[in-house]
Amino acid sequence: MSETIDTKLMAELRDFDTPTLCNALEVVLPSRQGHGFTKAPLHCVHPELPPMLGFARTARICASRASERDEDAQRAVTLAYYRHVAEPPHPTITVIEDIDREPVGAWWGEVHTHVHRGLGSLGVITDGTVRDLDQVATGFQLLARAVGPSHAHVHVIDVAVPVTVAGMTVAPGDLIHADRHGALVIPVDVAPRLSEAARRVMKGESVLIEASKQPDFGIEKLEQMMAGRGH
């Protein structure tokens, strides 16, 4: 698992939306400009919820066919998954890769959202399916590829492995920031530099935004500002 970061820094990073932290990460770590975030669209069940920040707990699932394990063996894998979700450090975010070509069945609904919240998970990021949207646990966020009615043959394939969801590759323990826009993997070693970088990005953007609202704003003014910013 990744090392923990202090609660003050965690709170600071939660104050920013995910796009702003993507911008900030590009400033402090330019090599991350093209990867480390979700690229395919995901359905956000609760867009009104604030950003979530936690350490990744990962697994792969399948719903298009029944498990090839016997009942006892599959139960053991599922219990190993729950132990993985529950282990510290907290808070956690569950990241689930659905290996089916197209989403077939939902691992996530009323029961699992309550169970996961009880084990310390803030939400799920998955390229699979979710359901029971009116009954999911309060405050539990879901970012998913699809919404559907059935769980079909859904079962855990493996646990605590690297996964790729919506173009974002995640290892167990990675620090994840996510909101209604998508998700971002934050390298723990640069996390302490992100708040300041995010504030600088926001300040620079606000100058241009405020200028655009003024009566004298036009292409000439924009060209002058861009020349001054080096863009």
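The values are calculated or read from the model by the stated rules, or taken from the named source; none is laboratory data. Predicted model only: the values in this text are computed from it and were never measured. Quick reminder, even Gly has a Cβ in these numbers, built from the backbone with ideal geometry, and neighbours come from all protein chains shown. The area values use the complete protein model at the heavy-atom level, side chains included, leaving out ligands, DNA and RNA. Shrake-Rupley method; radii C 1.70, N 1.55, O 1.52, S 1.80 Å.
Here are the numbers:
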read-out	value
Residue in region 209-220 that is open to solvent by 30 Å² or more (accessible area, probe 1.4 Å) and within 32 Å of the chain's Cα centre (by Cα) present	yes
Unmet requirement for E102, which otherwise passes all of (1) in a loop (DSSP other than H, G, I, E, B); (2) open to solvent by less than 20 Å² (accessible area, probe 1.4 Å); (3) farther than 16 Å from P47 by Cβ	(2)
Filtered residue count, region 120-134, keeping only those that are crowded, with 24+ Cβ neighbours inside 10 Å and of a type in the set (D, E)	1
Selection count where residues are over 17 Å from M168 (Cα atoms) and either touching a residue at least 24 places away in the same chain (Cβ under 8 Å) or buried (at least 21 other Cβ atoms within 10 Å of the Cβ) (or both), scope region 30-58	6
Within region 1-89, helices (runs of 4 or more DSSP H) holding 3 or more residues that are over 17 Å from S121 (Cα atoms) and among the aliphatic types (A, V, I, L, M)	18-28, 71-86
Test: residue in region 114-127 that is of a type in the set (K, R) and without any contact (Cβ under 8 Å) to a residue 40 or more places away in the chain	yes
Some residue of region 75-94 being modelled with pLDDT under 95, touching a helix residue (DSSP H, G or I) at 6+ places or on another chain (Cβ under 7 Å) and surrounded by 15 or more Cβ atoms within 10 Å (Cβ to Cβ)	no
Residue among I93, I125, I99 that is over 25 Å from D6 (Cα atoms), touching a Ser or Thr at 6+ places or on another chain (Cβ under 9 Å) and not aromatic (F, W, Y)	I99
